[in-house]
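> Below is one structure. I have some questions about it.
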Amino acid sequence: MILLAITPGLGFDRERWAAVLRAGVDGFLIREKQMSPRALLEAAIWCQDTAPEVALWVAGRLDVAFAAGCGLHAPEAHPEVAPGLVPLSRPLHDEDQWARRCHVDQLLVSPVFPSPGKGAPWGAVRLHRFLDGLPAGGPRLLALGGVDPANAAQLPHPRLAGLAAIRPFWEGDPRRAVAAFRDLQ
């Protein structure tokens, strides 16, 4: 199971970021809208130096992802990105988006469970029904939104590669969160 930690939008904190990067996550998505491009690039390079084994993604900044040599998570309103420039991740908020987004490297299906400030959740039943209808192959699919070790046991599916989360990795001990998610396998 792939575990993607998403930064909480509180700025670059080397100590906290290092704790999450070294906790056993497989991916790390920098989602810090308030950071300047230069600061974001410096943070991305720092992450790569600190945990080169962790796949790195930057939200919303193609220039930074390209310069850092990492993946881009293009949020909902982001312009389309030509295939092949950088590894590409997109959100998937509705089944109807599949046809337009199935060519990317990674899709974050969201929100799966209730999550502050997000729309109506998919729920495990709807998510599984959607996953059951997908063709083999295609992008890596991760469940995001309100996912924590207590409810993640509802989610395993052959087509679901893993989970993405914010709060479990940033509120409390990130190593404990990783261990709890891994115990579900």
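> Whether any residue in the range 124-132 is out of contact with any helix residue (DSSP H, G or I) (no Cβ under 9 Å at 6 or more places or on another chain), outside any strand (DSSP E or B) and among the small types (Gly, Ala, Ser) is what I want to check.
no
> Okay, moving on. So ASP96 fits all but one of (1) within 30 Å of GLU53 (Cβ to Cβ); (2) modelled with pLDDT of 95 or more; what number is the exception?
Looking at each condition in turn, ASP96 falls short on (1).
> Considering each residue of the range 156-185, count those that are of a type in the set (S, T, N, Q) and over 11 Å from LEU3 (Cβ atoms), and give that number.
Qualifying residue count for the region: 0.
> Would you confirm whether any residue within the range 100-115 is outside any loop (DSSP other than H, G, I, E, B), at pLDDT below 95 and either loosely packed, with under 15 Cβ neighbours inside 10 Å or not charged (D, E, K, R) (or both)?
yes
> Okay, moving on. What tally of residues in the range 1-30 results from selecting those that are within 12 Å of CYS47 (Cβ to Cβ) and either touching a Gly at 6+ places or on another chain (Cβ under 7 Å) or part of a strand (DSSP E or B) (or both)?
5
> Shifting gears a bit: Just to verify a result, which residue in the range 76-93, among those that are assigned to a loop (DSSP other than H, G, I, E, B) and modelled with pLDDT of 95 or more, is farthest from the chain's Cα centre (by Cα)?
VAL86
> When the range 129-149 is examined, which residues are found to be under 16 Å from PRO111 (Cβ atoms) and small (Gly, Ala, Ser)?
Across the range 129-149, the qualifying residues are ALA143, GLY145, GLY146.
The values are calculated or read from the model by the stated rules, or taken from the named source; none is laboratory data. Here the structure is a predicted model, which means the values were calculated and not measured. Note that each Cβ is placed from the backbone with ideal geometry, even for glycine, and that neighbours are counted across all protein chains shown.
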